[in-house]
Amino acid sequence: MNADIKLIIEIVGYIGSALVIVSMLMTSVVKLRVTNIIGSLIFAIYSQIIHSYPTVAMQYCLIIINLVNLYKLYSMQKEYSISKLDSKEKFVQTFLEHNMNDIKKFFPDFELPDTPADVYYIYSNNNSVGILIGKPSGTPSSLEVLLDYTTPTYRDTSAGKFLYQKLKEQGITKVTAKTNVEQHKKYLLKMGFTAKDDIFEKVL
């Protein structure tokens, strides 16, 4: 086999392996499975070229498992509910403590305020979906978001759309948020916020 072709084949194998490893570091379940599928497919092609058929079979099994789980994830009917809580409630403290490591990835400066804040807890059946913590900004109908966190399983923007619709129903007409975290900026833009530097605003 030509040395150049052999090198290319090896690079393909490394790319497939790297994608599989990177996928396991992702917090979004959807992105994890999609990246894992791509990595497994590339590695399966590499394994087939070098005639490692047990590895080929394993990779295709992983692809099928990921496809089945993606189908279940997207076909699952998501029915959300929301409850307004007191920021001093023990449940709020427990939820934040349990998810704080993940929260800090998107809200590195977040601290639960000492003064009373509005807390909206989103759930689906008996599963925690996310939480929004905010405070009035200028007028009672304007809300400054201090935290808008969604758990990894539900991180597909559907929970956010539900949340902001419910805020509108409760008389909130404008929501503002401040962030310099790129992933959070992308989420806010998907939610219909407009940006001016690190300040984001959405009229409901």
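Some notes on this structure:
- What the Kirkwood sum gives for region 35-109 is a hydrodynamic radius of 16.4 Å, with every pair of different alpha carbons counted.
- With every protein chain in place, region 47-204: carbon and sulfur % of accessible area (1.4 Å): 54
- Neighbourhood charge, 13 Å Cβ-Cβ cut-off, centred on Lys168 and excluding it, Lys, Arg +1 and Asp, Glu -1: +3
- Exposed loop sites here are GluC sites (Glu not before Pro) assigned a DSSP state other than H, G, I, E or B and surrounded by at most 16 other beta carbons within 10 Å; excluding them, the longest clear run of the chain is 112-204.
- Among Met100, Leu85, Ile37 - extreme Cα towards positive end, dipole of region 25-108, charges at beta-carbon: Leu85
- Proportion of all alpha-carbon pairs of the chain beyond 31 Å (%): 35
- Among beta bridges that DSSP assigns inside the chain, antiparallel share in %, nearest 5: 90
- Pairs from Lys31/Lys104; Lys31/Lys90; Lys104/Lys185; Lys84/Lys104 whose Cα-Cα separation, in the structure shown, is over 21 Å: Lys31/Lys90; Lys84/Lys104
- Here is the list for region 41-127: trypsin sites (Lys or Arg not before Pro) lying in DSSP coil, each with at most 16 other C-beta atoms within 10 angstrom of its C-beta, are Lys78, Lys88.
- Farthest toward the positive end of the dipole of region 144-204, out of Leu167, Ala177, Tyr149, is the Cα of Leu167, where the dipole comes from beta carbon charges about the Cα centre.
- Dipole moment magnitude, nearest 20 debye, region 115-204 about Cα centre, only Lys, Arg, Asp, Glu C-beta charged: 180
- Think of the chain as having a plus end and a minus end, set by charges on the Cβ of Lys, Arg, Asp and Glu; of Leu67, Ser28, Ser47, Leu67 sits farthest toward the positive end of this dipole.
- For region 141-204, a Kirkwood radius taken over Cα pairs fed into Stokes-Einstein (10 °C, viscosity 1.306 mPa s) yields D = 132 µm²/s.
- The equivalent ellipsoid that matches the C-alpha gyration tensor of region 1-70 spans semi-axes of 24, 14, 7 angstrom, in descending order.
- 5 Å-binned pair-distance histogram of region 71-143 (Cα, whole percent): 3, 13, 21, 23, 17, 13, 6, 3, 1
- 1.4 Å probe accessible area per residue over the chain, in Å²: 59
- Size of electric dipole in region 31-167: Cβ of Lys, Arg +1 and of Asp, Glu -1, about Cα centre, debye, nearest 20: 480
The values are calculated or read from the model by the stated rules, or taken from the named source; none is laboratory data. Being a predicted model, the structure only gives us computed values, none of them experimental. Every residue, glycine as well, gets a Cβ built from its backbone with ideal geometry; the counts of neighbours run over all protein chains shown. For accessibility, only protein heavy atoms count, side chains too; no ligands or nucleic acids. Shrake-Rupley method; radii C 1.70, N 1.55, O 1.52, S 1.80 Å.
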